[in-house]
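All remarks here apply to the structure that follows.
The values are calculated or read from the model by the stated rules, or taken from the named source; none is laboratory data. None of these values were measured; they are calculated from a predicted model. Neighbour counts are summed over all protein chains in view; Cβ atoms, including those assigned to glycine, are modelled from backbone coordinates with ideal geometry.
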């Protein structure tokens, strides 16, 4: 198990423990892990390799089921199951003509207008960083409006808590 995978697993272990102790209904919305074949199939369908920490997160849970209490991430975001992630990516790149490699992985339950993405463009300085997308506002890395590296906004700029703790992001 890689260091990134271990850090993601440890961070989510703490998060899941808290959820089960304080809000069991939300914990019950965590989907089972995605298999290696599922992750590989999603990557092939998109033509993009997921950053290590995002793939590690999917190995723990294939997103969240939508329902009351599903928005357990900051800003009430919910992690998309891989099948929804692939559909969302196709819509962004094909229908909206957004840049390839910007992978939308979270949004508020039922919201198709905005959410979070992770930059999966290898070789870019922002690779692995979290950003916000919206239909009418485009894509912007956290911290919003800076358009560059996320300077510590989300666990040191990574998308999935591998920096040692649960994901945190600016409100909004």
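Of the numbered criteria (1) assigned to a helix (DSSP H, G or I); (2) out of contact with any strand residue (DSSP E or B) (no Cβ under 7 Å at 6 or more places or on another chain); (3) at pLDDT 80 or above, the one residue 156 fails is (3). Can you report the number of residues in the stretch 101-135 which are at negative phi, assigned to a loop (DSSP other than H, G, I, E, B) and either at pLDDT 85 or above or under 13 Å from the mean Cα position of the chain (by Cα) (or both)? Here the count works out to 10.
Yes or no: residue 9 touching a residue at least 40 places away in the same chain (Cβ under 8 Å), out of contact with any strand residue (DSSP E or B) (no Cβ under 6 Å at 6 or more places or on another chain) and either in a loop (DSSP other than H, G, I, E, B) or exposed (fewer than 14 other Cβ atoms within 10 Å of the Cβ) (or both)? Please lay out each step first, then the result.
Details: touching a residue at least 40 places away in the same chain (Cβ under 8 Å): yes; out of contact with any strand residue (DSSP E or B) (no Cβ under 6 Å at 6 or more places or on another chain): yes; either in a loop (DSSP other than H, G, I, E, B) or exposed (fewer than 14 other Cβ atoms within 10 Å of the Cβ) (or both): no.
When the stated conditions are applied, residue 9 does not pass them.
Listed here are the residues, each with its yes/no results for (1) surrounded by fewer than 17 Cβ atoms within 10 Å (Cβ to Cβ); (2) within 21 Å of residue 142 (Cβ to Cβ); (3) over 12 Å from the mean Cα position of the chain (by Cα).
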{"position": "19", "(1), (2), (3)": "no, no, yes"}
{"position": "30", "(1), (2), (3)": "no, no, yes"}
{"position": "42", "(1), (2), (3)": "no, no, yes"}
{"position": "45", "(1), (2), (3)": "yes, no, yes"}
{"position": "48", "(1), (2), (3)": "no, yes, yes"}
{"position": "65", "(1), (2), (3)": "yes, no, yes"}
{"position": "87", "(1), (2), (3)": "yes, no, yes"}
{"position": "96", "(1), (2), (3)": "yes, yes, yes"}
{"position": "99", "(1), (2), (3)": "yes, yes, yes"}
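Could you go through the stretch 85-94 and let me know if any residue there is modelled with pLDDT of 90 or more and not in a helix (DSSP H, G or I). No. Of the residues making up the stretch 70-85, those that are more than 20 Å from residue 141 (Cα to Cα) and surrounded by 19 or more Cβ atoms within 10 Å (Cβ to Cβ) are 70, 71, 72, 81, 82.
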